[in-house]
Structure formats: structure tokens, C-alpha cells
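**Q** This is the structure, below, for whatever I ask next.
The values are calculated or read from the model by the stated rules, or taken from the named source; none is laboratory data. In this text the structure is predicted, and so the values were computed from the model without any measurement. FYI the Cβ positions are ideal-geometry reconstructions off the backbone, even for glycines, and counts take in every protein chain you see.
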Amino acid sequence: MTGGDKYPRKRGLGIENCDLLVINKIDIAPFVGADLKIMERDAKIVRNGKPTVFVNSKTGQDVDEVVSFIIKDVLFDALPKASKRRI
């Protein structure tokens, strides 16, 4: 967040290619001059539909979305097909 609202617009490989873009510390956005709406707009453009989640780890806001993503889309998809049938 301290990178400001232009962080997604910088188009780094991590921004463009990660499975899930997590933008944390959204509670401090007003204090560092970052506009979350601008970040959301730019992330949608740069990431071509890949998911982005805005979280506040201190309060737990939307952290469950990150956990669900890791469990479902990363760990579950990595299992062999035979293991998925048992789950």
C-alpha cells in the first residue's frame, strides 16, 4: 500500500502473473494518499480478469477469501484426480 495507488499500474511480473493479487493494509489507504478505487480499476485492466482481493490482515477483513483461494484453487487443483474423488 505504501507504494500508492499506482502500484498495479506499474505492471510488474508479480502483479500481472500471480494467481491472486492481495492488496493488504487497506485501512491506511487514506493516510498514504492511495485511492482503492483507482487500484481496483487498474488491477482489473492489468490482470485481465485474474482475481484481486483487498484485505486488512489486522482486522481479518477478507482474509477468508485468500484462505479459500489457497485451499481451493492452489492446493485442491494440485492434487491428483484420484485424490480429489476422496475429498
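**Q** Going by what's in this entry, would LYS50 be described as at pLDDT below 90, outside any strand (DSSP E or B), out of contact with any Phe, Trp or Tyr (no Cβ under 9 Å at 6 or more places or on another chain) and basic (Lys, Arg)?
**A** Judged against the criteria, LYS50 is not a match.
**Q** For residues that are under 17 Å from ILE70 (Cβ atoms) and touching a helix residue (DSSP H, G or I) at 6+ places or on another chain (Cβ under 8 Å), tally how many sit in segment 16-49.
**A** 5
**Q** Within segment 14-34, does at least one residue satisfy the condition of being at pLDDT below 75 and part of a helix (DSSP H, G or I)?
**A** The answer is yes, given that some residue of segment 14-34 is at pLDDT below 75 and part of a helix (DSSP H, G or I).
**Q** Does ARG86 qualify as being at positive phi and modelled with pLDDT under 85?
**A** No.
**Q** Turning to a different aspect of this structure: Pairs under 7 Å by beta carbon, first residue polar (S, T, N, Q) in segment 21-48, partner not in a strand (DSSP E or B), six or more apart or different chains?
**A** What qualifies is ASN24/MET1; ASN24/VAL55; ASN24/SER57.
**Q** Scanning for something part of a loop (DSSP other than H, G, I, E, B), among the hydrophobic types (A, V, I, L, M, F, W, C) and at pLDDT below 90, does segment 37-46 turn up at least one residue?
**A** Within segment 37-46 (the criterion being part of a loop (DSSP other than H, G, I, E, B), among the hydrophobic types (A, V, I, L, M, F, W, C) and at pLDDT below 90), the answer is no, since none of the residues qualifies.
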